[in-house]
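The values are calculated or read from the model by the stated rules, or taken from the named source; none is laboratory data. Being a predicted model, the structure only gives us computed values, none of them experimental. With ideal geometry, Cβ positions are generated from the backbone for all residues, glycine too; neighbour counts draw on all protein chains shown.
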Amino acid sequence: MKRIAVIGLGYVGLPLALAFGEKYLTVGFDISEKRIHDLRKGLDFTNEVDPMLLKRLNATENSDTGVVFTSNIEELREVDFFIVTVPTPVDNYHRPDLSYVISASEIVGKVLNVGDCVVYESTGYPGMTEEICVPALESTSSLRFNKDFFVGYSPERVNPGDKEHAINRVIKVVSGSTPEVALMVKEVYDSIVEVGTYMTSSIRVAEAAKVIENTQRDINIAFVNELYKIFRLMDIDTHEVLEAASTKWNFMPFKPGLVGGHCIGVDPYYLAQKAQEIGYHPELILAGRRVNDGMGDYYAHEIVREMIQNDIPVKGAKVLILGITFKENCPDIRNTKVVDLIYRLRSFGCDVAVYDPWADPKEVAESYQISSSSDKPKEVYDYTVLAVAHHDFKDYPKIDFSIKRMPTR
């Protein structure tokens with residue numbers, strides 16, 4: 001069996017490392033010494049793994065299975081099968097930021113040996129692995145691609161906060177830079193994925209499959225967001241409409257709301273940029289992005305409109321926002337679009353408070369310069385907005401991302 005290392009121990013990498021650690025002695029590498037320190041103590045800020053499992057799989061010196069958590073590159077020298085799971089975000093101008101995946105490739109390149117294989121799970125556009133990652137590996141290692149080392153691509157399908165669709169219960173797409181490597185990558189993943197793998201004919205096909213999964217969801221949500229705007233003008237409850245339409249067997253029950261996070265709100269930009277580089281302007285993809293990126297601003301205007309209609313002075317109005325993570329029952333605040341709503345309400349002069357028992361107030365402040373609290377508020381507010389449908393908010397009216405005025409608890 002190959003000696004495996006997982007590079008990057010976030011929402012994707014940690015569950016994957018533990019899955020392999022159940023069967024093999026695995027190296028879990030992250031450049032954050034604090035992250036490694038916490039993981040060795042059994043602490044995981046993502047809440048993606050069982051704390052008892054994390055503690056049990058912390059490998060000791062004589063372990064045959066488990067995970068060796070480290071930030072020391074020297075502990076990667078005995079590895080011959082690397083899996084890269086670092087983020088691939090976009091910058092403030094919606095351009096793909098490949099700095100993390102390039103940096104991870106350079107780290108791996110320093111310890112790469114003849115015959116090694118590097119598999120990428122990070123989302124990118126079709127061609128990213130071979131056009132961006134391979135040159136970084138070659139330049140750092142001085143080895144030759146498909147002669148001295150090989151690569152593969154197996155897109156992550158992690159859904160933060162979703163315990164039902166764990167790694168071993170979701171079909172894994174796999175690919176390799178040669179047919180033989182693809183079979184080897186398949187064999188490695190088959191050893192931990194109970195429901196099996198699906199092998200594509202090339203790395204580019206696997207990359208394309210990943211990026212369209214989330215682009216499709218983005219476009220469908222944009223469609224429902226437009227319906228929400230239309231039906232609101234017609235004084236029709238969109239959620240009632242969707243419930244009625246869902247009685248047809250082939251209706252897809254998407255819901256309106258804010259589209260953030262590290263996947264749906266990001267991946268379409270990777271595909272769009274690549275399309276434009278090859279001379280095609282992706283109108284539908286970018287239109288969907290414009291609709292979804294503008295929802296925070298739209299909600300803010302609707303809230304202010306309702307305030308005026310209810311004789312609530314907008315300037316100085318005390319507004320409580322329930323939730324700031326990018327999705328429900330998850331501590332992940334990356335690319336959350338709730339901040340767009342908050343910024344716009346502040347621009348109107350509202351006094352905005354944020355309550356989210358899942359989010360780390362320090363992380364929120366550092367990332368967005370927004371003060372938040374994980375403690376239930378005791379003040380009285382003029383207007384309360386359910387922005388994220390955490391289970392913790394079950395005592396509030398069930399309105400699923402709506403902006404109706406609610407009684408303050």
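Quick check on my filter: what residues within region 54-84 are among the hydrophobic types (A, V, I, L, M, F, W, C) and surrounded by 14 or more Cβ atoms within 10 Å (Cβ to Cβ)?
Result: Leu54, Leu57, Ala59, Val67, Val68, Phe69, Leu76, Val79, Phe81, Phe82, Ile83, Val84.
Here is a list of conditions, (1) at pLDDT below 95; (2) in contact with a Pro (Cβ under 8 Å, 6 or more places away or on another chain); (3) crowded, with 22+ Cβ neighbours inside 10 Å, and Gly8 meets all of them except one; can you say which number that is?
Condition (1) is where Gly8 drops out.
Taking interchain pairs and intrachain pairs at least six residues apart, which have beta carbon atoms under 8 angstrom, with the first residue in region 1-22 and closer than 19 Å to Lys34 by Cβ and the second of a type in the set (Ser, Thr, Tyr) and outside any loop (DSSP other than H, G, I, E, B)?
Sorted first by the residue in region 1-22, then by its partner, the pairs are Val6/Thr26; Gly8/Tyr100; Ala17/Thr26.
Can you pull out the residues in region 303-330 that are among the charged types (D, E, K, R) and not in a loop (DSSP other than H, G, I, E, B)?
Arg305, Glu306, Lys318
Taking the residues in region 104-114 that are out of contact with any strand residue (DSSP E or B) (no Cβ under 6 Å at 6 or more places or on another chain) and buried (at least 16 other Cβ atoms within 10 Å of the Cβ) as candidates, determine which candidate is nearest to Thr129 (Cα to Cα).
Ser105
Would you confirm, using the coordinates I've provided, whether Val188 is within 20 Å of Lys2 (Cα to Cα), surrounded by 17 or more Cβ atoms within 10 Å (Cβ to Cβ) and in contact (Cβ under 8 Å) with a residue 40 or more places away in the chain?
Here the answer is yes, as Val188 does meet what is asked.
Starting from region 57-71, keep only residues that are closer than 11 Å to Ala17 by Cβ, then list their pairs with residues that are assigned to a loop (DSSP other than H, G, I, E, B) whose Cβ atoms are within a distance under 6 Å, requiring at least 6 positions of separation or different chains.
Listed by first residue and then by second, the contacts come to Gly66/Leu57; Gly66/Ala59; Val67/Leu57; Val67/Ala59; Val68/Ala59.
Which is in the same structural domain as Val188 (by TED's automatic domain parsing) and crowded, with 19+ Cβ neighbours inside 10 Å, of Pro155, Pro135?
The match here is Pro155.
Give me the helices (runs of 4 or more DSSP H) completely within region 1-84, filtered to those with at least 2 residues that are farther than 23 Å from Val114 by Cβ, touching a helix residue (DSSP H, G or I) at 6+ places or on another chain (Cβ under 8 Å) and of a type outside the set (Gly, Ala, Ser), ordered by residue number.
13-21, 51-56
Conditions: (1) assigned to a helix (DSSP H, G or I); (2) of a type in the set (Gly, Ala, Ser); (3) outside the structural domain of Ser154 (by TED's automatic domain parsing). Gly265 meets all but one. Number of the miss?
Unmet for Gly265, out of (1) assigned to a helix (DSSP H, G or I); (2) of a type in the set (Gly, Ala, Ser); (3) outside the structural domain of Ser154 (by TED's automatic domain parsing): (1).
Which of the residues belonging to region 137-185 are aromatic (Phe, Trp, Tyr) and closer than 13 Å to Tyr198 by Cα?
Tyr153
Name the single residue that is surrounded by the most Cβ atoms within 10 Å (Cβ to Cβ) among those in region 367-379 being under 24 Å from the mean Cα position of the chain (by Cα) and not β-branched (Val, Ile, Thr).
Taking the candidates together, the pick is Ser372.
Considering each residue of region 380-399, count those that are at pLDDT 85 or above, loosely packed, with under 12 Cβ neighbours inside 10 Å and assigned to a loop (DSSP other than H, G, I, E, B), and give that number.
Within region 380-399, residues that are at pLDDT 85 or above, loosely packed, with under 12 Cβ neighbours inside 10 Å and assigned to a loop (DSSP other than H, G, I, E, B) number 1.
Return the residue satisfying two criteria in turn: it lies in region 223-253 and is outside any helix (DSSP H, G or I) and closer than 18 Å to Tyr298 by Cβ, and of such residues it is nearest to the chain's Cα centre (by Cα).
Step by step, filter region 223-253, then rank; the result is Asp237.
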